[in-house]
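Taking it in order: structure first as structure tokens, then the write-up.
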Amino acid sequence: AVSQGKAPDVAVLELKPQDVPLSFEFSARAQGSKETEVRARVGGILLKRNYIEGSKVEEGSILFEIDPAPYKVALNQAKAQLAQAEAKLKNAETQWKRTEELYKQKYASEKARDEARSNMDSLAAAVQLAQAEVEAAQLNLDYTTVKAPISGVTSMEAQSEGSLISTGGDAGLLTHITQLDPIYVIFSASENEIMSLTSMVERGLIRNPENKSEIVAKLKFGNDMLYNQDGTINFINPAIDESTGTIKLRAVFPNPDGKVRPGQFLRLVICLLYTSPS
């Protein structure tokens, strides 16, 4: 006999596509967002260093002082030559006006008038040249105070106080400055990884991968500890390196406490949203 009892209850589960996190991990290395050499722009005796090696300095702060005495002398000489040139020009202008008036009254020849005008123009050019010499001398004097071109952390000094500095080669290098906040993290993705990502993009499985600002980047230190600041991708090299078959990318992270240091080896994790197919 067939049971006439109640049919059993059946649970129905509705399947819907949803976004799930997808991550890729790469070897990476930290790099200062700005790295610059501080070099002397004039030669002379290095009198003083005004910062502590390895400390943070602000843009525009005076780092080194080079003996300014010879440059002050050169500036005073240039100013004296300018004053002489201006005095000669003033006399030539007076002579020109006098000769021009005499020419109009038929008391001076045309040749005399032309010579007076030519002399005045020549001395005007000499004044301009002397003025340029004053500006160059002032610039050289200003360069005896070496200022920080950017804010950042200084390296060891390359020249000690009392050294004779020149402007060429290693003799002109004084120190390095590296900006730590923000910090750059450089990494490379293989050609196969790029092709895999591209395929997932074409199939609509990854959302907004080409919008670099929406790609979340995370950092892991050597002990697998996760850095507490998230970053973004701010550069993707348009070409693949033929020798390695990889493409170089760069992420940028806030680094207010200087926990990430230039040259540090890290693991970089890229987090994307994977859309499950329906």
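The values are calculated or read from the model by the stated rules, or taken from the named source; none is laboratory data. None of the values given here were measured: they were computed from a predicted structure. For neighbour counting, all protein chains shown are included, and Cβ atoms are generated from backbone atoms with ideal geometry for every residue, glycine included. Heads up: the accessible areas ignore ligands, DNA and RNA and are worked out on the full protein's heavy atoms, side chains in. Shrake-Rupley method; radii C 1.70, N 1.55, O 1.52, S 1.80 Å.
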**Study point:** Boolean, PHE265 is touching a strand residue (DSSP E or B) at 6+ places or on another chain (Cβ under 7 Å) and at pLDDT below 90
**Key:** no
Practice item. Quickly run through the stretch 219-278 and pick out the residues that are free of Cβ contacts under 8 Å to residues at least 40 places away in the same chain, β-branched (Val, Ile, Thr) and within 25 Å of THR154 (Cβ to Cβ). Key: none
Point to revise | Members of the stretch 1-54 that are at pLDDT below 85, open to solvent by less than 60 Å² (accessible area, probe 1.4 Å) and farther than 30 Å from SER190 by Cα | key: GLY5
Review point. Within the stretch 67-111, how many residues are hydrophobic (A, V, I, L, M, F, W, C) and either open to solvent by 80 Å² or more (accessible area, probe 1.4 Å) or within 30 Å of GLN159 (Cα to Cα) (or both)?
Key: 4
Exercise for review: Could you check PHE64 against (1) within 30 Å of LEU180 (Cα to Cα); (2) hydrophobic (A, V, I, L, M, F, W, C); (3) open to solvent by 80 Å² or more (accessible area, probe 1.4 Å) and say which number it fails?
Suggested key: (3)
Check your understanding: Has the stretch 228-247 got at least one residue that is surrounded by fewer than 11 Cβ atoms within 10 Å (Cβ to Cβ) and at pLDDT 90 or above?
Key -> yes
